[in-house]
1. What is the angle, in °, between the Cα long axis of helix 75-84 and the longest principal axis of the Cα atoms in the chain? Nearest 10 is fine, range 0 to 90.
2. Going by the alpha-carbon gyration tensor, a ≥ b ≥ c the square roots of its eigenvalues, is segment 100-227 rounded (a/c under 1.5) or, if a/c is not under 1.5, prolate (a/b greater than b/c) versus oblate?
3. Pulled fully out, how much extra length does the chain show between residue 18 and residue 136, if you take 0.36 nm times their separation in residues and subtract their Cα-Cα distance?
4. Pairing the Cα long axis of helix 144-156 with the longest principal axis of the chain, what angle in degrees results, from 0 to 90 and rounded to the nearest 10?
5. With no solvent and one point per C-alpha, what does the Debye sum give as log10 I(q)/I(0) for segment 140-186 at q = 0.22, 0.33 Å⁻¹?
6. Under a plain spin-label model, where a point goes 7 Å from the Cα along Cα-to-Cβ, how far apart in nm are residue 59 and residue 79?
7. Taking only the alpha-carbon atoms of segment 1-100, what semi-axes of the equivalent ellipsoid follow from 5 times the gyration tensor eigenvalues under a square root, in whole Å, largest first?
8. Compute the FRET efficiency between residue 182 and residue 72 as 1/(1 + (r/R0)^6), taking r as their Cβ-Cβ distance and R0 = 35 Å, and round to the nearest 0.05.
Ligand SMILES: Nc1ncnc2c1ncn2[C@@H]1O[C@H](COP(=O)(O)OP(=O)(O)OP(=O)(O)O)[C@@H](O)[C@H]1O
Ligand SMILES: [Mg+2]
């Protein structure tokens, strides 16, 4: 469902030289896969995810979503794919500070024209994240781990086909982080494809395919049959 073909991103450096953050990456992700990517800080993981999420234009190469070339679409088609097929939990803090937690979660839902207001769906996801009691607070009144759980709920509100998450358990204690990983496992077993990036030190081997990113290059570490997916 998601194919990267010779995907590359070059950044200009301060001294007129250039730096290749993502270097000709090829990967073919199937529906139902749970792909984990580990790698050292600076190896290019977030750069790659930002290109897949439609936020950063590749220098060269292609991103195909169900066969459609993401970066050759017009703005309207791209926005539609981003809002309906992809759930993205970016690295760092991404909540809107002047919206309540409940409204932050239902924002992507609200951006699509429909009859419902998304409140029930947003509440259900907050419950799954065990933060339903925070619904009427504002982001500044939450801990880092709580904000991250809100961002995960927000990424799921439109029932995406693929959930992409960049170090989603950063800032979480071990117990909460295990709970969130179990939730990713459950979401995956319901048929949603998962692409997860973790920092090298918190490698816990989730998923059926594990990749390692080093200096912009992506290499497969192992590939288990689906029945052996580890959660
Ligand atoms: N806008 C930018 N301009 C120039 N260089 C950048 C830019 N964004 C990122 N980089 C560089 O590209 C490299 C890869 O960054 P990236 O954020 O993709 O790493 P990462 O693997 O996600 O690291 P971390 O685990 O710390 O999040 C880093 O060396 C970073 O300094
Ligand atoms: Mg990163």
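1. 60 degrees
2. Prolate.
3. Extending this stretch completely gives an extra 37.9 nm.
4. Tilt relative to the chain: about 80 degrees.
5. Each listed q maps to, in turn, -0.79, -1.37.
6. The two pseudo-label positions are separated by 3.0 nm.
7. On the way: eigenvalues 95, 73, 48 Å².
Three semi-axes, in Å: 22, 19, 15.
8. With R0 = 35 Å, the Cβ-Cβ based efficiency is 0.40.
Throughout, read-outs are computed from the coordinates displayed, never taken from laboratory work. Just so it is clear, the structure is predicted and the values come from calculations on it, not from any experiment. Counting neighbours? That spans all protein chains shown, and the Cβs are built from the backbone with ideal geometry, glycine included.
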